[in-house]
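K.L.:
Have a look at this one before I ask anything.
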Amino acid sequence: MTDNSYYLKALIENKADIVKAIYTANFFKVRAFVVKNNGQIQDAEDIFQKALLQLAVRYKKEKFVINTSFEAYLFTVCKNLWRRELNKSKFQVTNSDLIEPKDDNEDIALAIMEQKRWELFTECLEKISDSCKKILKLFFAKTSYAKLVEMFDYNSETVARQRVFKCKNKLKELVRGDHRFSKLIEL
Amino acid sequence: MEDDILIDNYLKGLLSQEEKQAFQERLASDARFREQFDLEHKLFNALNEDSWSYIESESSDVDEYKNLLEGDDMMALKKTLSETNEAINSKTSSNRRNIFMYLAAASVVLFLGFQFFFNQDMSNQELYNAYVGLDDLPSFVSRSDVPNSLSKAQELFEARKYKDAINLFESAQNGNNNLAQILIYKGLAYTELEELDEAQFTFDELINSNLLDAEKGYWYKALLYLKADQVEEAKTILKKIVAKNLHNKSKAEELLDTLN
């Protein structure tokens, strides 16, 4: 409908009327999502602001292009930011390597790199064959091999494992071959 | 493939304590194995909806973003964002307060039994009842259909079992073609339960959606305000319906006349 960079430009130009339009068109959906997933309204407000700052600063630095609608993209970013918040406490217990951000700005900066890596993985996953995509999505959702055997009529769990193995290798090949890989993987 | 299985089992938490120990020792000493594990681990965390893959080391990009965020223009944007956020959310939170006050007032009225207040509440309530048309809502049941969760939810709704109806509607909501209709039913169920906050929330979801029937949300939200005795808010929405020629325009005109 509209050129996606329209909203991104409006953000870095700090156009209050367009910011308001973005809020009216998108905030309530994000709020519904956060509240439905164990959050408070206050959490939704924080996430939404951080998401818009993320888009603005990313656009300011590298003029990235959104391939879906602005609304859909913003919602995905918000969803990921909320996943990130929900997992923070879990992660801190199990892994001492997590960088403790000194302030909100650093937290937003870290979230951008994580979002970019997530985009690299998701885009590669979309590029592989439909059957591989289907089985890998189930695999990443922790579906057991026994269940995969049942769903795909494989002869044994070994066959299911081999199938996952092959598909995962294809995915890794694509990820490794992407120009963004080296910058994002060491982190 | 063997290493692959090993990494899988580690990530799924299937290794014994000793196996885990051995695994971690190998990670520390075998660089190729570590590289393989790192990628698997990141993929696993990023692509599993219940987890997230965090950045674990410093990078110049992070510093660059951080510096940009500290710049004047981004600070100005932050200010705009927080002002817009406040404007949007104080509107809803003051409504919330009003609804709460209505409920508090209603309970005092019931307690003291003031006929005068009671009558006044009833009149808005009666108007709501007259216009809401709970029995005339579009049906999810078609003659050829076998009963499904939506037709069951509708049955529960008609039997005034609103809580159960809401649960069923919620579970059927995702990706359903009838989303607008589901939201209307759900919002009205909340309205009937006097869970006005949730009701408002549901109608807002409809209004802010891209659905063809999004505009119907205004009509039901107006009725919700009427039921909550917030006549001014109801009128504002009704006027909008008339001005923009939205769903139920003539009914909105009629209702506005009555309220004035």
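The values are calculated or read from the model by the stated rules, or taken from the named source; none is laboratory data. Just so it is clear, the model here is predicted, and its values are computed rather than measured. Glycine gets a Cβ as well: all are built from the backbone with ideal geometry, and neighbour counts include every protein chain shown.
K.L.:
I'd like to check which helices (runs of 4 or more DSSP H) are fully inside region B:2-75 and have at least 2 residues that are at the interface with chain A (Cβ under 8 Å from one of its Cβ atoms).
P.N.:
Numbers: elements: B:2-11, B:17-29, B:31-47, B:60-69.
So the answer is B:2-11, B:31-47, B:60-69.
K.L.:
Let me ask another. Looking at region A:143-187 only, could you name the residues that are over 17 Å from A:Phe121 (Cα atoms) and within 8 Å of chain B (Cβ to nearest Cβ)? Write out each step before concluding.
P.N.:
Keep residues of region A:143-187 that are over 17 Å from A:Phe121 (Cα atoms), which gives A:143-163.
Result: A:Arg161, A:Gln162.
K.L.:
Residues in region A:40-59: is at least one surrounded by fewer than 16 Cβ atoms within 10 Å (Cβ to Cβ) and more than 20 Å from B:Ser90 (Cβ to Cβ)?
P.N.:
no
K.L.:
Also: Could you pull out the residue among A:Lys137, A:Lys168, A:Lys147, A:Lys142 that is charged (D, E, K, R) and surrounded by 16 or more Cβ atoms within 10 Å (Cβ to Cβ)?
P.N.:
The unique qualifying residue is A:Lys168.
K.L.:
Can you tell me which residue among B:Phe201, B:Phe157 is within 12 Å of chain A (Cβ to nearest Cβ), hydrophobic (A, V, I, L, M, F, W, C), within 25 Å of B:Gln125 (Cα to Cα) and crowded, with 18+ Cβ neighbours inside 10 Å? Spell out the reasoning first.
P.N.:
Values: B:Phe157 fails: within 12 Å of chain A (Cβ to nearest Cβ).
Step by step, each of B:Phe201, B:Phe157 is checked, and only B:Phe201 is within 12 Å of chain A (Cβ to nearest Cβ), hydrophobic (A, V, I, L, M, F, W, C), within 25 Å of B:Gln125 (Cα to Cα) and crowded, with 18+ Cβ neighbours inside 10 Å.
K.L.:
List the pairs whose first member sits in region B:163-185 and is touching a residue at least 60 places away in the same chain (Cβ under 8 Å), whose second member is crowded, with 22+ Cβ neighbours inside 10 Å, and whose Cβ atoms are under 9 Å apart, counting only residues at least 6 apart or on separate chains?
P.N.:
The qualifying pairs do not exist here.
K.L.:
Name the single residue, out of those in region A:59-81 being closer than 17 Å to A:Tyr7 by Cβ, at the interface with another protein chain (Cβ under 10 Å from one of its Cβ atoms) and assigned to a helix (DSSP H, G or I), that is nearest to the chain's Cα centre (by Cα).
P.N.:
My answer is A:Glu71.
K.L.:
Next up: Looking at region A:19-56 only, could you name the residues that are more than 10 Å from every other protein chain (Cβ to nearest Cβ) and over 29 Å from B:Lys186 (Cβ atoms)?
P.N.:
A:Leu55
K.L.:
Further question on the same structure: Which condition from (1) outside any helix (DSSP H, G or I); (2) within 17 Å of A:Asn105 (Cβ to Cβ) is the one that A:Ala56 breaks?
P.N.:
Only one criterion in (1) outside any helix (DSSP H, G or I); (2) within 17 Å of A:Asn105 (Cβ to Cβ) is unmet by A:Ala56, namely (1).
K.L.:
Pick from A:Ile99, A:Ile108: which is within 8 Å of another protein chain (Cβ to nearest Cβ) and modelled with pLDDT under 90?
P.N.:
When all the criteria are applied, what remains is A:Ile99.
K.L.:
Give B:Tyr128, B:Tyr65, B:Tyr102 a once-over and let me know the one that is closer than 30 Å to A:Asn26 by Cβ and modelled with pLDDT of 85 or more.
P.N.:
B:Tyr65
K.L.:
On to the next question. Quick one: would you say A:Leu8 is under 24 Å from B:Asp72 (Cβ atoms) and either outside the structural domain of A:Thr122 (by TED's automatic domain parsing) or touching a Ser or Thr at 6+ places or on another chain (Cβ under 7 Å) (or both)? Step through it out loud before you land on a result.
P.N.:
Details: under 24 Å from B:Asp72 (Cβ atoms): yes; either outside the structural domain of A:Thr122 (by TED's automatic domain parsing) or touching a Ser or Thr at 6+ places or on another chain (Cβ under 7 Å) (or both): yes.
When the stated conditions are applied, A:Leu8 passes them.
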